[in-house]
Structures are given as structure tokens and as C-alpha cells.
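K.L.:
One structure, pasted below without further comment.
The values are calculated or read from the model by the stated rules, or taken from the named source; none is laboratory data. Quick caveat, the model's predicted, so the values are computed rather than measured. As a convention, Cβ positions derive from the backbone with ideal geometry for all residues, glycine included, and neighbour counts pool all protein chains shown.
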């Protein structure tokens, strides 16, 4: 029992609720939201150290023992993702201060942002399938508001589709939960794992597993990504960045959790299909990224490639692949936020997202240009930046398992990613300078450049200093490959069947 | 009882799917709402409809009906209520701003 486990979930909610009362005091809202996110970051650091020293931390809400009460679990995988989440959301928040606009700030932007963070943290921490659904909904409803806040024509049109897709996939999620409950009679993840292991994962169970895979694929943009390019290009930059960084990752986390903890018995079926889906996702995403000449479209398709690549590590289901996936997940959260902020900055300066109308920005904005260059290399996984290590481990994992085609597709698509992102760099920063400083549609300032700079430094630091987090990633991999650790931590060694 | 419930759920899903595939935004929202009713009934049916007495202490039954599905449904209904309300308001706003509720015209143009 450890009460700190629940804090990352409730700190943002409480802060958000307080902010709703002080609607017009924007300065107070900004301070409180920064404070809340810093608190989440501090708590997740604390949790990481507790987990390293004492093993997986759990909280049985109200003192009700594991399969009956509500369980909240923090293993190293969750804690690492919590820390990354708080870092990225802090920078997106700072970016929002000067770019989001007074109108949105007065219409509950900050409370909604914090509710979103709370939903994300909750999804990472919950130890119960139904609570995962609830946390997903908290996250999604806040994202519905954030994507439509402002009410421009583009936003309204895209948010309608975004909500529709997610409402349907939530219904499917409940459907899958109902089937699983009928078969196993429990929804606690650890208990589910025990029961599935006991009864054996037969055809019926595997079918339900695939239903879950469909649901989470829709949220994670794994293969079912048709909704993503439209939706993620609609909201303002700060919101698009946090969406690209976090929302799909929560779906990925759910896939990882379910297919390492519960449905890991029929790997030649489930994990093979996951591998195929990952490969198709990477190829289609990379083709989209190469084909378009629009900054927003290229960036959104890059999100899709990243999803496919992270999933390849799970498909291999080796320690090496898993470790790669965790490294790459951390990297991907940081770099997707960074690249969306940079892309948004370019669009802000040039007033258009069409590549052919942008040229020569590096004359007036050298720092922006070089940071974009670093981010582009990191995105493609060039050493010594942060994307490299994850890419190496995932590729080795897929080779070890004999999925040579999967590793090869991963590497080929990284080249396509590099091409697509260099296309943005060369088109918008090189060439003749069309726009003088006075003609630019917007300006850079401290509040927008600080988060971009910090994230760039982080991607370099994560690449050079990956030794520093290796111990934590190792622990996370171990607990994912050995479900018994998770089960023992939750059930407390009691013989409940 | 379970069989007739299953048929009812199937009918609800059919109607919901049909409505979602139409072009009018309002019908689509009604379709999602009907599907979620189907899902709620499914959770209830999947838990077993009546397998004993009411789950109350102090009653003289030896077997109890599982009460967890009802707790799940209650939560699902509340969430669904909020989402549908938000969705309706947003679609009304979309209709006012864009002047159409036809999904074909909400597709978006390549160049804008």
C-alpha cells in the first residue's frame, strides 16, 4: 500500500477544479497549472525511486483487497511514462502561454489541459480494465473540448469526425470488456492474467484479445489511423503537440499492458498479427509522409510511422525488443512534441503550411533552423541522438525473433521519415528569403522558444546520457517480461483464485 | 431470458449501425446513442441476468446475483450521457457555423 501512487491522477484534477472557479484570473491559472504539472513530475520521480528500491507499488483503494476493490498500480513502465508525460506537458503548457490566445484561455483551456493530463496519468496507473475505460474517457472528453475549443470552421469539421470515431471505439471497448467479464468473471488485470493462464488462452479468449486490439488500434492509430491526419492538423499548435505526443501513446501503452500481462499465451497468432499491423502502419505512414507537400500533413503521418515502429518491439516479444520499445516510447513522446512545436512555429511565422510558399527562414531565424535540423535527425534515429538507441534495440529484437522483414521495414521507413522531414527543412529554411522580419505573420518570443530549446536539449541529452536511465528501463523490461512480478505485487501473495 | 436479450441487443446494434451509416449528423449521433444502449444491455446480460437473490447482507439467500455489471453500466451511462450532450452541442454549433449537417459536405477540401 502506497498512497503516493494515486497522486499523479488527482493532483491535476484538483488543480483543474480550482481553476474553474477563478475563470478570469489567467495569471493564477497559468501558475497553478505549472505547479500541478511540476508536482506530477516530482511524484513520478519519487515513484521511480521507490519502485527501484522496493518493487512495484500498489494502492488498494479503500483497503478492499485486490480482485474486489479498485487497484492502482505503478510499475516502472508506468512511472517512466508518467515522468515523460509531465516533462512534455510542461513544455507544451509553456508554449501555450503566448500562442494559445486570450479567448481560449478564458474558456477553460488550462482546466481542460489538466484534465487531459489526469486522464493520461490515470490510464498509465490503473490496474483494472474498467478503470482503464474510465480514464480513457476522461482523457478523450477533455481532448474533444481541446480540439474544438476556438470553434474555427476547420476545427468544428474535424472534431465532429474525431468524436464520432472515438465514441464508436469506446462502445467497442465496453463490448470487449463485457465479453471478457463473461468469460473470466473479473476485470482486475492481475486477476485476469491469473485466470487466463489457468484456463488457457483458447480460441474464444484470443478472439476477445483481437477485439481489444481493434479498440486500442483505433486509439493508438495502429493501422486504423485514417482519422488521425485530419484531426491532428485542426487544433492550435500547443494542443496538436500534446495530442501527437501523448494520446496515441496511451493506446500503445494499453496494447503493451494487455498483450504482455494477459494475452501472452498465443504469441504466434496475436503477436504475429500485431507485427503485420505494425509493418503496414509503418509503410502506409511513411508513404503519406513522403507524398504530401504540407507541413501539418507530413508531421501527422510521422506520428503514424512512430506508432508502427514502437509496436514492432512488442511483436518481437524479446527482452531486447521490449527494451527498445520503452526507449523509443520515451524518445517518441519527446520528439513528437518537439517536432510539432517546431512545425507549428514555422507555420506561425510563414502564415501558411504549404511547403512551396515557405523559403529561407534560416536568415532571420538561425536558432529555429538548427533546432529543427537536430530534431529531424533525432526523429530519424541518427546517433548520438535519442532515437538511435531505441531503433537499434527494436531492430535487434525483431531479428532475434526471426522477423527479418519487420526489422527491415522499420529501417527502410526510417529513411523515408528522414527524407520527409528533410524536405520540410530544406524547403522552409534553405533557399531565397521571401519574407523579411516585418512581413512575417508572427514572431518568436521567449515563451515559445524556451520549450522548443529545452526539448531539443532533452533529445540530445537522452541520446548521450542514455546510460543514466538504463537501469530504470531494465527494471521496466523485466517487469513486463515477467507478469508474475505484477501479479504478486497486486494480489499480495494471497491465494485468491 | 438471455436469448431474447441477445436478440434485442442484436436489433439495437443493427439499428445503430444503420443510423451511423446515414449522412445526417443528427441521425449518426442517435445511432451512437442506440449502440451504447445495446452495449449496456450486453454488459448486463453477459454478467448473468438473475442467478440468485439480491446482493444484500442479512437476506436469507445463499446465492446472490452479480451486482458488478450494474455498477459498470451506471458508470458507462454517465459517461455516455456527457459525451452525447457534448456531441449534440458541438454538432449544432457545426451546423450553425458551416451551414450543413450532411457528412458528405463535411468531408473537407484538399486546398484550404
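K.L.:
Within the range A:234-246, can you find the residues that are under 15 Å from residue A:163 (Cα atoms) and assigned to a loop (DSSP other than H, G, I, E, B)? Break it down into steps so the answer makes sense when it comes.
P.N.:
Keep residues of the range A:234-246 that are under 15 Å from residue A:163 (Cα atoms), which gives A:234-235, A:243.
Once the filter is applied, which keeps residues that are under 15 Å from residue A:163 (Cα atoms) and assigned to a loop (DSSP other than H, G, I, E, B), the range A:234-246 yields A:234, A:235.
K.L.:
What is the residue count in the range B:45-76 for residues that are more than 11 Å from chain A (Cβ to nearest Cβ) and either in contact (Cβ under 8 Å) with a residue 60 or more places away in the chain or assigned to a helix (DSSP H, G or I) (or both)? Spell out how you get there, then give the answer.
P.N.:
Our first condition is that a residue be more than 11 Å from chain A (Cβ to nearest Cβ); within the range B:45-76, this holds for B:49-65, B:67, B:70, B:74.
Still in the running and either in contact (Cβ under 8 Å) with a residue 60 or more places away in the chain or assigned to a helix (DSSP H, G or I) (or both): B:70, B:74.
Matching residues across the range B:45-76 total 2.
K.L.:
Now a separate question. Please name all residue pairs, on different chains or six or more residues apart, with Cβ atoms under 9 Å, provided the first residue is in the range A:38-64 and is on the phi > 0 side of the Ramachandran plot and the second residue is in a loop (DSSP other than H, G, I, E, B).
P.N.:
Pairs that qualify, where the first residue is on the phi > 0 side of the Ramachandran plot and the partner is in a loop (DSSP other than H, G, I, E, B), are A:55/A:75; A:62/A:69; A:62/A:70; A:63/A:1; A:63/A:69.
K.L.:
What is the number of the single condition among (1) more than 9 Å from chain A (Cβ to nearest Cβ); (2) part of a loop (DSSP other than H, G, I, E, B) that residue B:5 does not meet?
P.N.:
Only one criterion is unmet by residue B:5, namely (2).
K.L.:
Oh, and also: Among the numbered conditions (1) surrounded by 20 or more Cβ atoms within 10 Å (Cβ to Cβ); (2) part of a helix (DSSP H, G or I), tell me where residue A:41 comes up short.
P.N.:
Evaluating residue A:41 over (1) surrounded by 20 or more Cβ atoms within 10 Å (Cβ to Cβ); (2) part of a helix (DSSP H, G or I) leaves (1) as the failure.
K.L.:
Got a sec? Which of B:99, B:108 is within 8 Å of chain A (Cβ to nearest Cβ), farther than 29 Å from residue A:182 by Cβ, exposed (fewer than 15 other Cβ atoms within 10 Å of the Cβ) and free of Cβ contacts under 8 Å to residues at least 40 places away in the same chain?
P.N.:
Working: B:99 fails: within 8 Å of chain A (Cβ to nearest Cβ).
None of the other options fit; the residue is B:108.
K.L.:
Being more than 7 Å from every other protein chain (Cβ to nearest Cβ), surrounded by 22 or more Cβ atoms within 10 Å (Cβ to Cβ) and over 20 Å from the mean Cα position of the chain (by Cα) is the filter here; which residues of the range A:157-169 pass it?
P.N.:
First, the residues of the range A:157-169 that are more than 7 Å from every other protein chain (Cβ to nearest Cβ): A:158, A:161-162, A:165-166, A:169.
Subsequent filtering for residues that are surrounded by 22 or more Cβ atoms within 10 Å (Cβ to Cβ) retains A:158, A:162, A:166.
The answer is A:158, and nothing else.
K.L.:
Check A:180, A:154 and return the single one that is farther than 27 Å from residue B:45 by Cβ, at the interface with another protein chain (Cβ under 10 Å from one of its Cβ atoms) and touching a residue at least 24 places away in the same chain (Cβ under 8 Å).
P.N.:
Values: A:180 fails: farther than 27 Å from residue B:45 by Cβ.
None of the others qualify; the one that does is A:154.
K.L.:
Only one of these conditions is not met by residue A:187: (1) surrounded by fewer than 23 Cβ atoms within 10 Å (Cβ to Cβ); (2) under 25 Å from residue B:80 (Cβ atoms); (3) more than 14 Å from every other protein chain (Cβ to nearest Cβ). Which number is it?
P.N.:
(3)
K.L.:
Does residue A:86 count as buried (at least 24 other Cβ atoms within 10 Å of the Cβ), away from every other protein chain (no Cβ under 14 Å) and within 30 Å of residue B:16 (Cα to Cα)? I'd like the intermediate steps shown before the answer.
P.N.:
Numbers: buried (at least 24 other Cβ atoms within 10 Å of the Cβ): yes; away from every other protein chain (no Cβ under 14 Å): yes; within 30 Å of residue B:16 (Cα to Cα): no.
Against the criterion (buried (at least 24 other Cβ atoms within 10 Å of the Cβ), away from every other protein chain (no Cβ under 14 Å) and within 30 Å of residue B:16 (Cα to Cα)), residue A:86 does not qualify.
K.L.:
Output yes when any residue across the range A:77-86 is touching a strand residue (DSSP E or B) at 6+ places or on another chain (Cβ under 8 Å) and modelled with pLDDT of 95 or more, and no when none is.
P.N.:
Of the range A:77-86, the ones touching a strand residue (DSSP E or B) at 6+ places or on another chain (Cβ under 8 Å) are A:82.
Filter once more, keeping what is modelled with pLDDT of 95 or more: A:82.
Looking for residues that are touching a strand residue (DSSP E or B) at 6+ places or on another chain (Cβ under 8 Å) and modelled with pLDDT of 95 or more, one finds at least one in the range A:77-86, hence yes.
K.L.:
Kindly indicate whether any position in the range B:40-47 is on the phi > 0 side of the Ramachandran plot, modelled with pLDDT under 90 and surrounded by 12 or more Cβ atoms within 10 Å (Cβ to Cβ). Outline the logic, then answer.
P.N.:
Here is the first cut: in the range B:40-47, the residues on the phi > 0 side of the Ramachandran plot are none.
Checking the range B:40-47: not a single residue is on the phi > 0 side of the Ramachandran plot, modelled with pLDDT under 90 and surrounded by 12 or more Cβ atoms within 10 Å (Cβ to Cβ).
K.L.:
Among the listed residues A:93, A:172, identify the single one that is surrounded by fewer than 24 Cβ atoms within 10 Å (Cβ to Cβ), in a helix (DSSP H, G or I), out of contact with any strand residue (DSSP E or B) (no Cβ under 6 Å at 6 or more places or on another chain) and free of Cβ contacts under 8 Å to residues at least 60 places away in the same chain. Break it down into steps so the answer makes sense when it comes.
P.N.:
Values: A:93 fails: free of Cβ contacts under 8 Å to residues at least 60 places away in the same chain.
When all the criteria are applied, what remains is A:172.
K.L.:
Another question, then. Looking only at residues that are without any contact (Cβ under 8 Å) to a residue 24 or more places away in the chain and facing chain A (nearest Cβ under 9 Å) in the range B:77-89, which one is nearest to residue A:148 (Cα to Cα)?
P.N.:
Taking the range B:77-89 as the starting set, the residues that turn out to be without any contact (Cβ under 8 Å) to a residue 24 or more places away in the chain are B:78-79, B:81-83, B:85-86, B:89.
Filter once more, so that each one left must be facing chain A (nearest Cβ under 9 Å): B:79, B:82-83, B:86.
Numbers: B:79: 19, B:82: 16, B:83: 14, B:86: 11 Å.
Here the residue is B:86.
K.L.:
Exactly one of these conditions fails for residue A:151: (1) at pLDDT 90 or above; (2) on the phi > 0 side of the Ramachandran plot. Give me its number.
P.N.:
Every listed condition holds for residue A:151 apart from (1).
K.L.:
Oh, and also: In the range B:13-44, what count of residues is obtained for those that are touching a residue at least 60 places away in the same chain (Cβ under 8 Å) and either under 23 Å from residue B:75 (Cβ atoms) or at the interface with chain A (Cβ under 10 Å from one of its Cβ atoms) (or both)?
P.N.:
Applying the first criterion (touching a residue at least 60 places away in the same chain (Cβ under 8 Å)) to the range B:13-44 yields B:23-26, B:28-29.
Of the ones still in play, those that are also either under 23 Å from residue B:75 (Cβ atoms) or at the interface with chain A (Cβ under 10 Å from one of its Cβ atoms) (or both) are B:25, B:28-29.
The qualifying residues number 3.
K.L.:
I've got another one for you. Mind listing just one residue for me: the one in the range A:141-151 that is more than 7 Å from chain B (Cβ to nearest Cβ) and over 15 Å from residue A:237 (Cβ atoms) and, of those, surrounded by the fewest Cβ atoms within 10 Å (Cβ to Cβ)?
P.N.:
First pass over the range A:141-151, keeping only residues more than 7 Å from chain B (Cβ to nearest Cβ): A:142-143, A:145-147, A:149-150.
With the extra rule that they be over 15 Å from residue A:237 (Cβ atoms), the set shrinks to A:142-143, A:145.
Details: A:142: 22, A:143: 26, A:145: 20.
Across the range A:141-151, the extreme among qualifying residues is A:145.
K.L.:
Is it the case that the range A:107-116 has a residue that's facing chain B (nearest Cβ under 7 Å), touching a residue at least 12 places away in the same chain (Cβ under 8 Å) and in a helix (DSSP H, G or I)? It would help to see each step written out before you state the result.
P.N.:
Taking the range A:107-116 first, the residues facing chain B (nearest Cβ under 7 Å) are none.
No: zero hits.
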